[in-house]
Amino acid sequence: MKRTGIFFTYFQGERLKDFPEALSGLLNKENVFYYDAVYGSRDGLYYLEPATEQLLLKVHARTMIESVRQTEYYESALYSAGGTVQAAEEIRRGKIDNAFAFTSFGDHHAGREFYHGMCYFNGAALAIAMLKEKGIKRFGIVDTDSHHGDGTRDIFRRDDSVLHVCFCDQDYSDGYHKMDVEIPHNTSDEEYLAKVKEIFIPSVKAFKPEYLFWEYGYDATRGEYGDKGTSHDCPMKLAELIKAAADEVCQGRLIAILCGGSTRNVAAYTIPRIIAILAELKSGSRIALK
Ligand SMILES: [Zn+2]
Ligand SMILES: [Zn+2]
């Protein structure tokens, strides 16, 4: 079994209203570690720390940070990004093997000087900035949110240390470490997974990152606002593939980050099952779900 960290932030919004209760079948597992922005003072729970301004300035322009500070989402954004940074640090310290980072507001539409689509700070980029300071040199990011990860691409466009493979609305390749893969409407699970196997898996094996980040948006699933036609079970198939890649190339160092998606039922159905896959808890059916 893997030791899996859950980094939970929830301040407002509809989609995470069933959490953390939907995690109840996981939190009693000895290999699952729960970090929470609110409830960390109880025994066996850990505090989740907000991102520091010092770290924010390594990724985002001061004017952009000031602009976010004026919004009502500033505190949520700090904790959202902070969870991803802390997940990476706990993996680096050897306390956990992999992680699922909830975000209220983040991640892949936040660039150096801009933000949109309810993404205020870029948690993956902040975690990579922190890891670089600790001597880590190579990173992979795979993005299966329905939309293009323009913020992440903006930050790492000229950064050879980051492989960025994004499944979105366009095809693009710089021939080395930045790729987009078009997912048309009415794509089946099999067609989507085939593209991940054909394009992402060989790329990540060749690139050999030391850490892998997965921007997990569920907005591509059927009925969501970025509907590409995939089923509610597709995220778990993706999780198995991406986890297997991380296990092979970077000793399982994988951080899944919640990106887009709006419906409560898909969040409550997929997220506990994805965490069970990360933690290698074989019987997903034992997980209590509403
Ligand atoms: Zn999206
Ligand atoms: Zn893209």
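All of (1) farther than 23 Å from LEU163 by Cβ; (2) within 16 Å of ligand 1 (Cβ to nearest atom); (3) surrounded by 17 or more Cβ atoms within 10 Å (Cβ to Cβ) hold for ASP227 with one exception: (3).
Sort out which residues of the range 88-103 are open to solvent by less than 20 Å² (accessible area, probe 1.4 Å) and out of contact with any Lys or Arg (no Cβ under 6 Å at 6 or more places or on another chain), and write them in order of number. Spell out how you get there, then give the answer.
Filtering the range 88-103 for residues open to solvent by less than 20 Å² (accessible area, probe 1.4 Å) gives 88, 90-91, 96, 98-103.
If the condition is that a residue be open to solvent by less than 20 Å² (accessible area, probe 1.4 Å) and out of contact with any Lys or Arg (no Cβ under 6 Å at 6 or more places or on another chain), then ALA88, GLU90, ALA99, PHE100, ALA101, PHE102, THR103 are the ones that fit.
Considered as a group, the residues in the range 115-137 that are away from ligand 2 (no atom under 16 Å from the Cβ) and assigned to a loop (DSSP other than H, G, I, E, B) include one that is most open to solvent (accessible area, probe 1.4 Å), and that residue is LYS137. For the range 120-153, which residues satisfy the criterion of being more than 16 Å from ligand 1 (Cβ to nearest atom), closer than 25 Å to SER262 by Cβ and out of contact with any helix residue (DSSP H, G or I) (no Cβ under 6 Å at 6 or more places or on another chain)? Listed by number, the list is empty, since nothing qualifies.
Given the criterion more than 22 Å from THR270 (Cβ to Cβ) and either touching a His at 6+ places or on another chain (Cβ under 9 Å) or at pLDDT 95 or above (or both), identify the matching residue among ASP159, ASP247.
Working: ASP247 fails: more than 22 Å from THR270 (Cβ to Cβ).
Selected residue: ASP159, the only one of ASP159, ASP247 that is more than 22 Å from THR270 (Cβ to Cβ) and either touching a His at 6+ places or on another chain (Cβ under 9 Å) or at pLDDT 95 or above (or both).
Return the residue satisfying two criteria in turn: it lies in the range 154-171 and is without any contact (Cβ under 8 Å) to a residue 60 or more places away in the chain and touching a helix residue (DSSP H, G or I) at 6+ places or on another chain (Cβ under 8 Å), and of such residues it is farthest from ligand 1 (Cβ to nearest atom). Per the stated criteria, the residue is SER161. Every test in (1) in a helix (DSSP H, G or I); (2) of a type in the set (A, V, I, L, M); (3) out of contact with any strand residue (DSSP E or B) (no Cβ under 6 Å at 6 or more places or on another chain) is passed by MET1 save one, and that test is (1).
In a residue-by-residue description of the range 89-107, the property of being modelled with pLDDT of 95 or more, closer than 20 Å to GLN12 by Cβ and out of contact with any Leu (no Cβ under 9 Å at 6 or more places or on another chain) applies to no position.
With respect to VAL85, determine if the residue is touching a Leu at 6+ places or on another chain (Cβ under 6 Å) and surrounded by 18 or more Cβ atoms within 10 Å (Cβ to Cβ). Quick ask: steps written out before the conclusion?
Numbers: touching a Leu at 6+ places or on another chain (Cβ under 6 Å): yes; surrounded by 18 or more Cβ atoms within 10 Å (Cβ to Cβ): yes.
When the stated conditions are applied, VAL85 passes them.
The values are calculated or read from the model by the stated rules, or taken from the named source; none is laboratory data. Since we're looking at a predicted model, the values are computed, not measured. Note that each Cβ is placed from the backbone with ideal geometry, even for glycine, and that neighbours are counted across all protein chains shown. Accessible surface is based on the protein model in full, side chains and every heavy atom, while ligands, DNA and RNA are left aside. Shrake-Rupley method; radii C 1.70, N 1.55, O 1.52, S 1.80 Å.
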